[in-house]
Amino acid sequence: MNAPMPTTHDDLRDLHDLPSYQNDRDDYVNPARALLTGPPISPLRFAGGSAGWLVTGYHEAREVLRDSRFSAERWRGDDTMRKIPESIRRERSSGAGSFLGMDAPEHGHYRGQLTRYFTVRRMRELEARVEDIVTNQLDALEAAGKPADLVQHFALPIPSLVICEMLGVPYEEREFFQAIAAQQLRQDRTDEEFIAGKTALDDFLLTLVEAKRKEPQDDLISLLTAVDEFNDEEICGIAGLLLIAGHETTTNMLSLGTFALLRQPEQFERLRADESLLPTAVEELLRYLSIVNAFPVRIALEDV
């Protein structure tokens, strides 16, 4: 992390002793110490062997993320965590509907269609159902006795139930996509496991999309089937992204948020004494916690 900063792009290619990404953490909440003590921009050796830059400074990161000279299509380049097989790179470069790794205008096109569903009115209509789900899971947590597993009885079922209802996925299928999501996001999974999991999820979603086209209901997948410009492959890509991202991140947030509060009992007591602090506490926990073990990757489209 403290290697001399190269002055040109050619100098970067000439460095043979670049550090790799520091993935080891002291605990579940704090990032690796090397990321906190290093300079805001550091040379980095990616998993595939190529050279790049690690940006950890707040202002520097904001500049990179909003600069159109940097592409969100991470499959154009290398990855810090693991080497990307060519088969996966080719597939991701044409991954219809999975707009997380897309640039404008494609990203805006897909996201714009989704905003028709995620309206304030629809979210308010969902609030009562979410409250029912939370209440039922709290009852299940209490009924499990002490000690109880917060993840199994609360943090995992809640987002699974909610995302199933939003997408129109039968809840009895939740264990299938929970297992797929856990496998796809695991850092030590093999390429073969990734491809097999993605294929199984794609097949499941394609069958679901075909069923929604025949008998549409009041859910997101049915809404997308009514948009003529989206084919089944694109809808599967959108649904797969939301299915995994929509429940895995929330599960981690509920679990790690509770863990963080238990480690700060004085903050926990403040919340219990004054519920008006809850909205701010949620925002602060979202800022404080790393709920996914990954980060944005950007590919420079030109020398910067």
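Ranking 201, 157, 168 by how far each Cα lies toward the positive end of the dipole of region 131-210 (charges on Cβ) leaves 157 at the top. As a calculated quantity, the FRET efficiency between residue 229 and residue 196 at R0 = 30 Å, using C-beta atoms, amounts to about 0.45. Placing a pseudo-label 7 Å from each Cα along the Cα-to-Cβ vector at residue 138 and residue 189 gives an inter-label distance of 3.4 nm. Residue order by solvent-accessible surface for 286, 114 is 286, 114, largest first, with ligands and nucleic acids left out and a 1.4 Å probe. Taking GluC sites (Glu not before Pro) as exposed when DSSP calls them loop and at most 12 other C-beta atoms lie within 10 angstrom, the chain has its longest site-free stretch at 1-228. Accessible area of residue 253 (1.4 Å probe, protein heavy atoms only, ligands and nucleic acids ignored): about 30 Å².
Entry note, the chain: the mean residue ellipticity at 222 nm calculated from DSSP H runs of n ≥ 4, each adding -39500 (n - 2.57), is -17000 deg cm²/dmol after division by the residues and rounding to the nearest 500.
Straightening the chain between residue 270 and residue 36 buys 81.4 nm, computed as 0.36 nm per residue apart minus the Cα-Cα spacing. Taking 7 Å steps out from each Cα toward its Cβ at residue 278 and residue 60 produces label points 4.0 nm apart. Across 117, 171, 288, the residue with the most accessible area heads the list, and the full order at a 1.4 Å probe is 288, 171, 117. Within the same chain, aspartates and glutamates fewer than 8 places from residue 214 are excluded, and of the rest, those with a Cα less than 16 Å from its Cα are 228, 232.
Calculate how many DSSP beta bridges within the chain are antiparallel, expressed in % of all such bridges and rounded to the nearest 5. Around 90 percent antiparallel, to the nearest 5.
The values are calculated or read from the model by the stated rules, or taken from the named source; none is laboratory data. Everything numeric in this text was worked out from a predicted model, so none of it was measured. Neighbour counts are summed over all protein chains in view; Cβ atoms, including those assigned to glycine, are modelled from backbone coordinates with ideal geometry. Areas reflect the complete protein model, heavy atoms only, side chains present, ligands, DNA and RNA absent. Shrake-Rupley method; radii C 1.70, N 1.55, O 1.52, S 1.80 Å.
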